[in-house]
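Heads up: the structure comes next, in structure tokens.
Only the coordinates and a few stated rules stand behind these numbers; no lab work does. Since this is a predicted model, take the numbers as computed values, not measurements. As a convention, Cβ positions derive from the backbone with ideal geometry for all residues, glycine included, and neighbour counts pool all protein chains shown.
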Amino acid sequence: MSTQSKIFWLRLATLIGLCLPAAELAWRWYTDQLGPRPVTVATHATGDWAVIFLLLSLAMTPLRATLDWIPLVHLRRRIGVAAALYAGAHLLIYVLDQKWNLIVVATEIAKRFYLTIGFVALLALAALAITSTDGWQKRLKRNWKRLHWLIYPAALLAIVHFFIQSKVKIGEAAFAAGLLFWLLLWRVLPQRLRTTYLGLVLLAVGATLATVFFEAAWYGLVNGIDPLRILAANIDPDLMPRPAQKVLVASVAVIAVVAARRGFLAANRLWTKRYIQRTISTS
């Protein structure tokens, strides 16, 4: 199979994967499987998927570098646009919940801080999605990269919005924050460390500790819970899995995938070398 064919099928599989959550949610809504509050469930689901795809889009660059697999660069734009579309659906379903009263929606966004920052994040994602095409890249030239730095403040605002909306149950928000910290920390590491096992171990440790800090700080500042209780909860086997433990597992999984990929490439190079040697010696 040619490289172009592989990229085509990879793009197609990605597109199908990006559409599946929306299709599954629409089907459950149509068949009354979302419970007594379908609009609320759909609002939260689309918001969750927006965050997931936002993190995945940010993950494409470090994955491409650590796995040494160039085709991943062709997926980043599609995943980023999907994040913006799910965020837009998140807002539209909220508007539906307000019976399409735009005055009420605008008032709520202006009054409630978590809605304000969520809306600002949505505007940033929309701007990035609209200008993600090759045509806009040519028009904006050097300013295109400057504009697309908005992805980082947009991601931070989205995570804060996630925390506030989650209220007391912030497990998933803390997990997302830990993953975002991993992705941002990778970008500030010295370039020579980014693809090394030492760098990946440092990322795993740093992101895990940061997740513990985020969770403890949130419960301490917002809910008045002693941060030491949160620290103790992270080593209590009865309370597993905690957000920090999930981040650690995800970080270790990255190291395992990188090791498997590099092992496969090394074995493939060795096999090719021996095959060439045998072929030359018998000719």
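Data overview
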quantity: Span-rule helices in the chain, defined as complete DSSP H runs reaching 30 Å or more along the axis (Cα) with Kyte mean at least 0.0; calculated: 3-30, 38-67, 76-97, 197-222, 243-282
quantity: Trypsin sites (Lys or Arg not before Pro) within region 85-162: DSSP coil, no more than 10 neighbouring Cβ in 10 Å; calculated: 99, 141
quantity: Neighbour-count order for 254, 39, fewest beta carbons within 10 angstrom listed first; calculated: 39, 254
quantity: MRE, 222 nm, helices only [DSSP H, n ≥ 4, -39500 (n - 2.57), over the chain, to nearest 500]; calculated: -27500 deg cm²/dmol
quantity: Net charge of Cβ neighbours under 15 Å - reference residue 135; Lys, Arg +1; Asp, Glu -1; calculated: +3
quantity: Links that overshoot a 23 Å alpha carbon limit, given the list 99/169; 6/138; 111/167; calculated: 99/169; 6/138
quantity: Simple label model, 7 Å out from Cα along Cβ direction - residue 274 to residue 34, nm; calculated: 5.7 nm
quantity: Listed residues 98, 165, 245, most fluctuating in the chain (Gaussian network, C-alpha, under 10 Å); calculated: 98
quantity: Taking 269, 11 and counting other C-beta atoms within 10 Å, the order from fewest to most; calculated: 269, 11
